[in-house]
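Written out below as structure tokens is the structure these notes cover.
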């Protein structure tokens, strides 16, 4: 399984993914699920993937080679698209083409076509955008009302985001919430695992602010996990018991 989370804020972007893939209890491996296309001063585009690893890698390979959208004969990549909306269209077309290529073989083996992509970034002269692309090739965009999107095993990490994330939040405060959301998922689901890949982008910088791989030995992440667990236990103990439980 997978857990990826992206936050699109007035201040910029935070994108975080785990790296665990598994095809059974005894077949677990580590693969990077975050891919960054960066041309400082021109564009910064990050793409995260979930679902069937073979499918997601095929989509990434198509995007690297170039995708013909609409049969025009013109190959487009994330390095050439003029806008983030066009980037989302190109990724969507790559998903559809991958489905068309592998559909019959997968159906004959009883394998479902499962892939999810999250695309975020900014191109010079354009706005910061964040999209989620589905297996059918359709997509949605994060908004000011709902400034975060998730891929994969989202249910454990969603409550903290629902309670605390706002569009006006500072990007580094949002980073803490993304890590807490990930930690909640790591604790509750063995199919999501360390290390983590992190990307932080500040609006109009047109270059990443932070790109970091977070391992079990990362001192800040270890502190955050211990502090958050302790804060939850303390808050629980400090809550008064309901008066009707004492009657």
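Residue 224 passes every criterion in (1) surrounded by 12 or more Cβ atoms within 10 Å (Cβ to Cβ); (2) more than 18 Å from residue 18 (Cα to Cα) apart from (2).
Does residue 159 qualify as being crowded, with 19+ Cβ neighbours inside 10 Å and more than 22 Å from residue 64 (Cβ to Cβ)? Give the steps one after another, and end with the answer.
Numbers: crowded, with 19+ Cβ neighbours inside 10 Å: no; more than 22 Å from residue 64 (Cβ to Cβ): yes.
Taking the combined requirement at face value, the residue does not satisfy it.
Would you confirm, using the coordinates I've provided, whether residue 101 is closer than 20 Å to residue 61 by Cβ, at pLDDT 95 or above and under 13 Å from the mean Cα position of the chain (by Cα)? No; evaluated as a whole, the condition is false for this residue. With the condition kept exactly as written, say whether any residue in segment 179-196 is modelled with pLDDT of 95 or more, more than 14 Å from the chain's Cα centre (by Cα), within 20 Å of residue 122 (Cβ to Cβ) and surrounded by 13 or more Cβ atoms within 10 Å (Cβ to Cβ). No, segment 179-196 contains no residue that is modelled with pLDDT of 95 or more, more than 14 Å from the chain's Cα centre (by Cα), within 20 Å of residue 122 (Cβ to Cβ) and surrounded by 13 or more Cβ atoms within 10 Å (Cβ to Cβ).
Does segment 135-149 contain at least one residue that is touching a strand residue (DSSP E or B) at 6+ places or on another chain (Cβ under 8 Å), closer than 25 Å to residue 222 by Cα and modelled with pLDDT of 95 or more? Spell out how you get there, then give the answer.
Let us first name the residues in segment 135-149 that are touching a strand residue (DSSP E or B) at 6+ places or on another chain (Cβ under 8 Å), namely 135, 139-142, 147-149.
Checking the rest, the ones that are also closer than 25 Å to residue 222 by Cα come to 148-149.
Now restrict to residues that are modelled with pLDDT of 95 or more: 148-149.
Yes, that holds for at least one residue.
Considering only residues that are outside any loop (DSSP other than H, G, I, E, B) and either crowded, with 21+ Cβ neighbours inside 10 Å or in contact (Cβ under 8 Å) with a residue 40 or more places away in the chain (or both), which ones fall in segment 77-92? It would help to see each step written out before you state the result.
Restricting attention to segment 77-92, the residues satisfying the condition of being outside any loop (DSSP other than H, G, I, E, B) are 84-92.
The answer is 84, 85, 87, 88, 90, 91, 92.
Put simply, of 29, 46, 105, 58 the only residue that is touching a residue at least 24 places away in the same chain (Cβ under 8 Å) and either surrounded by fewer than 21 Cβ atoms within 10 Å (Cβ to Cβ) or part of a helix (DSSP H, G or I) (or both) is 58.
The values are calculated or read from the model by the stated rules, or taken from the named source; none is laboratory data. Not measured: the values here are computed from a predicted model. With ideal geometry, Cβ positions are generated from the backbone for all residues, glycine too; neighbour counts draw on all protein chains shown.
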